[in-house]
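Novice: Take this structure first; my questions come after.
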Amino acid sequence: MESLKKRVTEFSLEAHELYLNQSVPYLEESPDPLQFYRDWIGPNKPCIIRNALSHWPALSRWTPDYLREKVGSKVISVAVTPNGFADAVNGDRFVMPEERRMSFSSVLDILEGKQQGGGVFYVQKQCSNLLDELPELTDDLQPHVSWMSAALGKLPDAVNFWLGEARAVTSMHKDHYENLYCVVSGEKNFILLPPTDRPFIPYGTYQPAVYRQRDDGEFEVVDQTGSEKVPWIPLDPLDPDLDRYPEYRRARPLRCSVKAGEMLYLPSLWFHHVQQSHGCIAVNFWYDMEYDIKYNYFQLLERLKATVPLDQ
């Protein structure tokens, strides 16, 4: 058992030494599909692509005035929390946001300080919310990223729209999607950790709950009774509790900022934590590759971690 534990740890360190970059590299233009697959998707390495969406009308059109005119009356799903932390561990609970239906103009009013919201508001509903809730905006961008679709041999499974306050934070987690994250305005700040750092990242299981704003404006946490416990990461990479989670000292996070007009390739199963500038707008394309070789390989590492916990 000790030998296996040692090998799992060495595997992560070797990955950093042999093929992972010490910072997130930049590509200056849209890549060739085959070369992108060979250099980035296959090795499971992130990069930032400049000038990949410079032809999108959204870069110049998506001002508050334009969005009010185009979709201001549309009623959309908005995540509301007391502190900006949606889908995150709070004490012994995994707390999800209150999902509120409101007009797009109302969201803009809150972001611009014209209206008090009494919480932190974030348009973050996934499941292809751009196509489902805001199809009027799709003419301002590509329906898919052609070179990525060619590299993977499929169209994206979801196209998501993101708009929110600077206080809205995405807690550290991982997805099984190949992700192209495109910033239209503002800036997104990422902390990234590769799947090979999984031995150093703590997980717990938590009772699921949701925030609910009462009539007096205060928020309460309401348990979702009858639901299974949720596995999630309790650690905050901005202020990690190393006394409680000492193994995290061995992790080697990468930090990067993705600015307007730039695109982050976030490989599947990379852990990520996200902050943003106030009013930042982004669109991301999810390509579901759950059953590819890469996914199965890192799932094996996940099972090894569960079998051989390093903190014992």
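The values are calculated or read from the model by the stated rules, or taken from the named source; none is laboratory data. Keep in mind the model is a prediction, meaning the values are calculated, not measured. Every residue, glycine among them, receives a Cβ derived from its backbone with ideal geometry; neighbour counts consider all protein chains shown. Calculation scope for accessible area: heavy atoms of the full protein, side chains included, ligands and nucleic acids excluded. Shrake-Rupley method; radii C 1.70, N 1.55, O 1.52, S 1.80 Å.
Novice: Considering amide H positions built from the backbone, and no H for Pro or chain starts, which residues 5 or more places from ALA86, or on another chain, come under 5 Å of its amide H?
Specialist: Close amide H contacts, sequence-distant or interchain: VAL169, SER171.
Novice: Please give the net charge around ASP223, taking every other residue with its beta carbon less than 12 angstrom from that of ASP223, where Lys and Arg add +1 and Asp and Glu add -1. Write down the numbers at each step before the final one.
Specialist: Working: positive: ARG93, ARG212, LYS229; negative: ASP92, GLU220.
After counting each charged neighbour, the total is +1.
Novice: Which order do peptides 55-64, 218-227, 126-135, 92-101 fall in by mean Cβ count within 10 Å, highest first? Numbers along the way, then the final one.
Specialist: On the way: 55-64: 14.9, 218-227: 11.8, 126-135: 16.4, 92-101: 17.9.
Taking the mean over residues of other Cβ atoms within 10 Å, the ranking is 92-101, 126-135, 55-64, 218-227.
Novice: Also, I was wondering about something else. I need the phi-derived Karplus couplings for the range 181-196: 6.51 cos²θ - 1.76 cosθ + 1.60, θ = phi - 60°, integer Hz, Gly and Pro marked x.
Specialist: Once θ is set to phi - 60°, the couplings for the range 181-196 become 10, 10, 8, 8, 8, x, 7, 10, 10, 10, 10, 10, 9, x, x, 5 Hz.
Novice: Oh, and also: Could you put LYS188, LYS259, LYS114 in order of accessible surface area, largest first, with the 1.4 Å probe and the full protein assembly present? All intermediate terms of the calculation are to be shown ahead of the outcome.
Specialist: Details: LYS188 0, LYS259 95, LYS114 140 Å².
Listed by decreasing accessible area, they come as LYS114, LYS259, LYS188.
Novice: Pairs of alpha-carbon atoms within less than 8 angstrom and 6+ residues apart define the contacts here; what relative contact order does the chain have, in percent? Intermediate results must be reported in sequence, preceding the final value.
Specialist: Working: 637 pairs, mean separation 81.8, N = 312.
The value is 26 percent.
Novice: While we're looking at this one, here's another question. Please get the size of the charge dipole for the chain, origin at its Cα centre, with Cβ charges of +1 on Lys and Arg and -1 on Asp and Glu, quoted in debye to the nearest 20.
Specialist: Working: 32 positive and 44 negative charges, 96 e Å.
Dipole about the Cα centre, nearest 20: 460 debye.
Novice: Kirkwood Rh over Cα pairs of the chain into Stokes-Einstein at 10 °C, 1.306 mPa s: D in µm²/s? It would help to have the intermediate numbers written out before the result.
Specialist: Values: Rh = 20.6 Å.
Here the translational diffusion coefficient equals 77 µm²/s.
Novice: Please report the carbon-and-sulfur percent of the accessible area for the chain; probe 1.4 Å, protein heavy atoms only, DNA, RNA and ligands left out. Spell out each step's value before the answer.
Specialist: Numbers: 7090 of 14530 Å².
Carbon with sulfur: 49 percent of the solvent-accessible area.
Novice: Label points 7 Å out from Cα along the Cβ direction at HIS173 and ARG250: separation in nm?
Specialist: Result for the modelled spin labels: 2.7 nm.
Novice: Right, something else. Can you sort ASP197, ASP241, ASP216 by 1.4 Å-probe accessible area, starting with the largest?
Specialist: Details: ASP197 0, ASP241 70, ASP216 100 Å².
Listed by decreasing accessible area, they come as ASP216, ASP241, ASP197.
Novice: Which FRET efficiency, nearest 0.05, do GLN22 and ASP92 yield, Cβ-Cβ r, R0 51 Å?
Specialist: On the way: r = 37 Å, r/R0 = 0.72.
The computed FRET efficiency comes out at 0.90.
Novice: Name the aspartates and glutamates eligible as straight-distance cross-link partners of LYS259: C-alpha to C-alpha under 12 Å, and not fewer than 8 places from it in the same chain.
Specialist: Reachable aspartates and glutamates: GLU187.
Novice: Suppose all protein chains stay in the model; what accessible area per residue would a 1.4 Å probe give for the chain, in Å²? Please list the in-between numbers first.
Specialist: Working: 14530 Å² over 312 residues.
Result: 47 Å² of accessible area for each residue.
Novice: Another question about this same structure. So, counting K/R as plus one and D/E as minus one, what does the shell of residues with Cβ under 11 Å around PRO194 add up to? Can you show the working numbers first?
Specialist: On the way: positive: LYS45, LYS174, ARG198, ARG252; negative: ASP197.
So the environment of PRO194 carries a net charge of +3.
Novice: Quick check: the distance between the Cα centres of the range 110-147 and the range 191-217, to the nearest angstrom?
Specialist: What the calculation gives is 23 Å, centre to centre.
Novice: List the residues of the range 99-137 whose backbone N lies under 13 Å from a point placed 7 Å from the Cα of VAL75 along the Cα-to-Cβ direction.
Specialist: 100-104
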